[in-house]
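Undergrad: Following this message is one structure expressed as structure tokens.
The values are calculated or read from the model by the stated rules, or taken from the named source; none is laboratory data. A quick note: this is a predicted structure, and the numbers were derived from the prediction, not measured. Glycine gets a Cβ as well: all are built from the backbone with ideal geometry, and neighbour counts include every protein chain shown. Remember, those area values only see protein heavy atoms, side chains included, never the ligands or the DNA or RNA. Shrake-Rupley method; radii C 1.70, N 1.55, O 1.52, S 1.80 Å.
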Amino acid sequence: MSAPTVVGDLLAEDGIRFATRATGLLAAFNMRGVLAPTDVHVARRLGRLGGEDDEQVLLAAALVVRALRAGSVCLDLAAVDRTVLAEGDEVVDTSDLPWPDPAPWTAAVAASPLVADDAATAAGRPLRLVDGLLYLDRYWRQEEQVRATLAQRAAAPPPEVDEERLHVALDRLFRAREGGDGAPDDAQRRAVAVCTLRWTSVLAGGPGTGKTTTVATLLAVLRDQDPSLRIALAAPTGKAAARLSEALAEVDLPDADRARITGLSASTIHRLLGPIRGSSRFRHDRHRHLPFDVVVVDETSMVSLTLMARLLEAVRPDARLVLVGDPDQLASVEAGAVLGDLVAAPADPEPVFDRTLERVGAPGPPVRGGVTVLDRTWRFHGTIATLAAAIREGDADAAVAALRAGHHDVVFVEDADLTTRDPGGLRELREEVVGGAAETELAALDGDASLALTRLDEHRLLCAHRRGPWGVTRWAADVERWVLEAGPVADRDEEWYPGRPLLVTANDHDRGIYNGDTGVVISTPRGARAVFARGGAPVEIAPALLDGIATVHAMTVHRAQGSQFARVSVILPPAESPLLTRELLYTAVTRARTKVRLVGSEDAVRAAIARPIGRASGLRRRR
């Protein structure tokens, strides 16, 4: 073991950093890796400013800061010792740490001069304790703003709707587009009616359940009600916004209804709100509302609490807001899981609203809180659908059974030692990767942009980690080596060789490419060009104009969110990896349309399914 090194207030030993001035509980939790030095420093700073020296209170403050880094909005003092706490790539065993008893701990925190309750008279303190949940004051205010705004919108008189016209439009659109088995999708029909009849609605569903088709139909119905409606489409990332625009353009609608939504395009939520340089605020807020009658937000699972609060205050009270997404996928990298909270939050029955749905020809199960869920999968079937459902429902036995069923669409590669340079048992993966690269290169050399992009997206290698034996960096290097050993078609001495797979790592609004987009280099009479799929004709860009580009032989599951591929191979880390969660495994598996290959162990699969991301939040309690 190397000798420890002291730098400022930090002590570093074998890559682990400790706060040298921490004492008592803060020191114990920091030394075990539960708390980072920054967590400790913030807690100690708050204690000095507020005259608080109770180490139980300071521990709670530090854990709140840590919880925010992990994606939670608050800290549940009664359950924090049962939460998996991790730092870096190791799970921290917290069972023998000196956790305070919840009841006296909560009482000490409540009595602290640092802590306010939910009363307005207690404003100005840095922490809030509400219903046993401890917040930094800023995040409590944001959550309360979201809750109050949604409650106000729900209590307002509903939009004026011509029910007879709505009934006719639903009959027309859902008679024109029936399911593959000849039966119309009643859930989609009901979802369109719900979103038409409410100011705020949530459209939830897994990949391939027809969310985009439902949105396109909804917009056609709304414009049928009022052709002058101003519609805004948004998503949390540029990549997701571009995918939404492309997908809407591809939905099959009758000519008259297609004309009603032609020309609509999506932007990021940030661009929609209008960022102000040098400020965290936006041009559009509660004082200057967005000039739209309908706002549709896709991939809402990726929207943080802070951004949702900014969006809600900017939307006019008399504008429809439709939140679309999959609550079972990975959530925002920032604090909050608003979509999951809204779907899970209890809501009172609405018999009057249900009778309205029956009048417009959209009967069905009771709707609560404006939430409708699409559960009929159109993207994939067979064993992939069975596996995805088992993961989503937390049924590890069913998931393992699906993996071991031996069907062609799900392949489970076990007992491969991924820590070695050339793991055994990966011959088929290597052949698939090398063959796909060769086909992409041939199309690129021919200058066929559409075919090259199609070949590129036929298979994608996904990893949970960025680094290490199970990470993107290692596997991208391995794929590059495999391709070179197989004898590349193109000359790899050139930086922009035909067939080079590209990953955009920074938004470029001027050229219409966004962080997370993938493309490929092709040969043209004008020289090498980078091409990116954009619904219609691919976007073609000279390499000299590109910035923020990397070669993509593998990518993280997080980056793949919102994309789909014909086939995916997933490298699972060991069971003890904190990145291995139910949501990550579900997101990875559902990127595929026709085939999934999982490389890992049964223990890893079971550990992932048993480890749903537990983001603490009060929104689902108090919506």
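Undergrad: How do the peptides 124-137, 585-598, 558-571 rank, highest first, by the average count of neighbouring beta carbon atoms within 10 Å per residue? It would help to have the intermediate numbers written out before the result.
TA: Numbers: 124-137: 19.9, 585-598: 24.1, 558-571: 21.6.
Listed from highest to lowest mean packing, they are 585-598, 558-571, 124-137.
Undergrad: Normalise the Debye intensity by I(0) for region 264-405, one equal point scatterer per Cα, no solvent, then take log10 at q = 0.21 Å⁻¹ and round to two decimals.
TA: At q = 0.21 Å⁻¹ the computed log10 ratios are -1.32.
Undergrad: Of all the accessible heavy-atom surface of the chain, with the other protein chains kept in place and a 1.4 Å probe, what percent is carbon and sulfur?
TA: Numbers: 13420 of 26600 Å².
After summing per-atom areas, the C and S share lands at 50 percent.
Undergrad: Residues of the chain: accessible area per residue at 1.4 Å, in Å²? If you can, show how the numbers build up before the last one.
TA: Working: 26600 Å² over 623 residues.
Heavy-atom SASA per residue in the chain reads 43 Å².
Undergrad: If you count the DSSP beta bridges with both ends in the chain, what percent of them are antiparallel, to the nearest 5? Walk me through the numbers on the way to the answer.
TA: Details: 34 of 74 bridges.
Bridges in the chain that DSSP calls antiparallel: roughly 45 percent.
Undergrad: List the DSSP H helices in the chain whose Cα atoms stretch 30 Å or more along the helix axis and whose mean Kyte-Doolittle hydropathy is at least 1.0. Display every interim value, and only then the final one.
TA: Numbers: long enough: none.
Passing helices, by number: none.
Undergrad: Find the relative contact order for region 315-397 and round it to a whole percent, using C-alpha pairs within less than 8 Å whose residues are 6+ positions apart.
TA: Details: 31 pairs, mean separation 16.6, N = 83.
In percent, rounded to a whole number, it is 20.
Undergrad: Same structure again: How big is D for region 544-593, in µm² s⁻¹ as a whole number, if Stokes-Einstein is applied with the Kirkwood radius of its Cα pairs at 20 °C and 1.002 mPa s?
TA: Numbers: Rh = 12.5 Å.
Value of D from the Cα-based Kirkwood radius: 171 µm²/s.
Undergrad: Percent relative contact order of the chain, based on C-alpha pairs within less than 8 angstrom and at least six residues apart? Spell out each step's value before the answer.
TA: On the way: 1187 pairs, mean separation 82.6, N = 623.
It comes to 13 percent, rounded to a whole number.
Undergrad: Hey, how many Å between the Cα centroid of region 304-351 and the Cα centroid of region 537-582?
TA: 26
Undergrad: Something else now. In 10 Å bins starting at 0, how do the alpha-carbon pair distances of region 456-588 split up by percent?
TA: 11, 40, 35, 13, 2, 0
Undergrad: Which Rg and Dmax, in Å, describe the Cα atoms of region 405-528?
TA: Looking at region 405-528, its Cα Rg and Dmax stand at 16.0, 51 Å.
Undergrad: Let me ask you something else. So which GluC sites (Glu not before Pro) in region 527-623 end up in coil per DSSP with only 15 or fewer other C-beta atoms within 10 Å?
TA: Numbers: sites: GLU540, GLU576, GLU583, GLU602; in loops: GLU576.
Listed in order of number, the matching sites are GLU576.
Undergrad: Hey, can you rank 517-526, 402-411 by average C-beta count inside 10 Å, highest first? Walk me through the numbers on the way to the answer.
TA: Values: 517-526: 20.2, 402-411: 17.0.
Final packing ranking: 517-526, 402-411.
Undergrad: Here is a follow-up. One quarter of the convex hull surface, Cα atoms only: what value does that give for the chain in nm²?
TA: Values: hull surface 123.2 nm².
Over all viewing directions, the chain projects a mean Cα-hull area of 30.8 nm².
Undergrad: Please report the base-10 log of the normalised intensity I(q)/I(0) for region 210-250, using a Debye sum with one equal scatterer per alpha carbon and no solvent, at each q in 0.22, 0.28 (1/Å).
TA: Evaluating at q = 0.22, 0.28 Å⁻¹ gives log10 I(q)/I(0) of -0.76, -1.01.
Undergrad: Given the rule -39500 (n - 2.57) for each run of at least 4 DSSP H residues, summed and divided by the residues of the chain, what is its mean residue ellipticity at 222 nm, to the nearest 500 deg cm²/dmol?
TA: Helices in the chain give a 222 nm mean residue ellipticity of -11500 deg cm²/dmol.
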